[in-house]
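Just so you know, all these numbers are worked out from the coordinates, no wet-lab data involved. Note that the coordinates shown come from a computational prediction; the quantities given were computed from them, not determined experimentally. Cβ coordinates were reconstructed from backbone atoms using ideal geometry, including for glycine residues, and neighbour counts include every protein chain displayed.
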Number of protein chains: 2
Amino acid sequence: MNSAIETMLKHRSIRKYKDTPLSEEEIGTLVKAAQSASTSSNIQAYSIIGIKNPETKQKLAELAGGQSYVAHNGHFFVFCADLYRHQVVGEMEGKDVTESLESTEKFMVAVIDAALAAQNTAVAAESMGLGICYIGGLRNNLPEVSKVLNTPDRVIPLFGLTVGHPDQDPEVKPRLPYGHMYFEEAYNPERTSFEAGLHEYNETVSSYYKERTGGKRADTWTGQMAEMLSRPQRMYMKEFVQGKGFDRQ
Amino acid sequence: MNSAIETMLKHRSIRKYKDTPLSEEEIGTLVKAAQSASTSSNIQAYSIIGIKNPETKQKLAELAGGQSYVAHNGHFFVFCADLYRHQVVGEMEGKDVTESLESTEKFMVAVIDAALAAQNTAVAAESMGLGICYIGGLRNNLPEVSKVLNTPDRVIPLFGLTVGHPDQDPEVKPRLPYGHMYFEEAYNPERTSFEAGLHEYNETVSSYYKERTGGKRADTWTGQMAEMLSRPQRMYMKEFVQGKGFDRQ
């Protein structure tokens, strides 16, 4: 197994960083790594915003739910789905591109493009010995986040990514059983084996928590997920996304 | 610069593979790399389907637009947004999770989760000396692709990923200028500088094509994009996605 893969398999989110800011060179490398990711038909339907200003970080931390590591890290990236660029392109070239830009298809393309780029940044950072954490909490309040970041219509900040020198060393979290996530030849939704995979994972997750809390916590994954999903979150999203010009038709 | 980052910066899609199939061990490593990617609140809202059967590959190649490399490669992965698992979880735990699963927010979460996992597979494969190509063409006909792959409601095949031993050595494609993709502190939609970035990229792209075609092609990026986006594609997507139970509210 090579070092790139070893790095990936050791991934865990870092939620406490030393105060050292990333150098310009490090930031440049991480952005170039992002740009090297695949992109649908070279459409490059995303943008990256990098935040150094402590006040802006603090504001975004509050909007995301108050996590201290959004304010304190080596650098804070925000990855955006971006079709504003393509609207400008349409105007420059005198072509009507509105129907395309407003399609669910292109919404998916932009979200996928941004995520592929972000994961390159994440893996590149970890390969440099840095830690990372994705900040989906930015989606708690995208109208305000968009104001702070000055994003125009046809741009949606999707998530943040904290990067920095780790000041903690958490353990790797166990994932769903291999055979439950990976199907050979076709999906198998058959309930008995499907639920067996979930029960197996519940045992793994329970042991993980028991060991780490001296027996105080023994959460199951299905319990955690059902609890989380029974409380719908961010239900303003459809209206917001469509208001920004995405996913309309 | 370390070897993981060097690998990323050298990325280019491979569209011709040797006939050598990936070993079970290689497939296992690539799936485990995928599973190690970050996932929103550990929701793991995706699944991976691996295809070896030449007839299935051939069928998917035809549905995707006839690319020979979808049929001929070392292995073919399909990455799916998956909330079927979470519907089963809701039923197992006796909780109503429908509103969550049907939200635009969770549609985004599932698409992002799948893309992060896929990009780990892509980077892991390239770090092993293999080549990759994303196959967005699967979205040409998702109703048929879903039948071939037996995916139930709440599962959407998002894209394929061909992996294999390269039988070609194409060049790296130039990306948008760094300062056009990466903003410091806030987005800057101001038109003069924004268009300057696009003109700069047009020159880069034109030179790239001129050099490679002995002057026969001199496409600009804005020209290519405006042409592509003026012909809306896959406009059935909204109805399909909602029909599968995603992005409804």
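For residue B:183, the amide hydrogen comes within under 5 Å of the amide hydrogens of A:48, A:49, A:50, counting only partners 5 or more places away or on other chains and with H modelled in the peptide plane. Computed extension gain for residue B:178 through residue B:230, at 0.36 nm per residue and net of the alpha carbon distance, reaches 16.1 nm. For residue B:52, the lysines whose Cα comes closer than 16 Å to its Cα, not counting residues fewer than 8 places off in the same chain, are B:18. Under a 5 Å amide H cut-off, with hydrogens placed 1.01 Å from N, residue B:249 pairs with B:103, B:104 among residues at least 5 apart or on other chains.
Toward the positive end of the charge dipole of the range A:178-218, with +1 on the Cβ of Lys and Arg and -1 on the Cβ of Asp and Glu, the farthest Cα among A:201, A:181, A:214 is that of A:214. Only one residue of B:28, B:53, B:66 has its Cα farthest out toward the positive end of the dipole of the range B:3-171, where Lys and Arg carry +1 and Asp and Glu -1 on Cβ, and that residue is B:66. Amide H contacts under 5 Å for residue A:159: A:79, restricted to partners 5 or more places along the chain or on a different chain, H placed in the peptide plane at 1.01 Å from N. Rounded to the nearest Hz, the phi-derived 3J(HN,Hα) couplings of the range A:184-197 under the Karplus curve 6.51 cos²θ - 1.76 cosθ + 1.60 (θ = phi - 60°) are 9, 6, 7, 5, 10, x, 4, 5, 4, 6, 4, 5, 4, x, where x marks glycine and proline.
A straight line joining the Cα centroids of the range B:141-178 and the range B:1-72 runs 8 Å.
Each residue of the range A:207-212 is assigned a 3J(HN,Hα), and the resulting list reads 4, 4, 5, 4, 4, 7 Hz, derived from the Karplus form 6.51 cos²θ - 1.76 cosθ + 1.60 (θ = phi - 60°), x at Gly and Pro.
What separates the residue A:68 label point from its copies, with the point 7 Å along Cα to Cβ, is 6.0 nm, written shortest first. Every Cα-Cα pair of the protein assembly as shown was included, and the share exceeding 28 Å stands at 51 percent. Paramagnetic label reach from residue A:191 (point 7 Å along Cα→Cβ; backbone nitrogen cut-off under 20 Å): within the range B:75-115, residues B:83-99, B:101. Mean residue ellipticity, 222 nm, helices only, chain A: the sum of -39500 (n - 2.57) across DSSP H runs of n ≥ 4, divided by residue count and rounded to 500, is -14500 deg cm²/dmol. For the Cα trace of the range B:1-150, dividing Rg by the Kirkwood Rh returns an Rg/Rh value of 1.00. Fewest neighbouring Cβ atoms within 10 Å first, the residues A:159, B:79 line up as A:159, B:79. Once the Cβ-Cβ distance of residue A:13 and residue A:96 is raised to the sixth power relative to R0 = 30 Å, the FRET efficiency obtained is 0.10.
With each label modelled as a point 7 angstrom along the Cα→C-beta vector, the residue A:171-residue A:206 pair spans 1.7 nm. Residues in the range A:88-95 carry Karplus couplings, in order, of 4, 4, x, 5, 4, 9, x, 10 Hz; the curve used is 6.51 cos²θ - 1.76 cosθ + 1.60 with θ = phi - 60°, and Gly or Pro positions show x.
Dipole magnitude of the range A:95-170 about its Cα centre, charges +1 at Lys/Arg Cβ and -1 at Asp/Glu Cβ only, in debye to the nearest 20?
Roughly 120 debye, rounded to the nearest 20.
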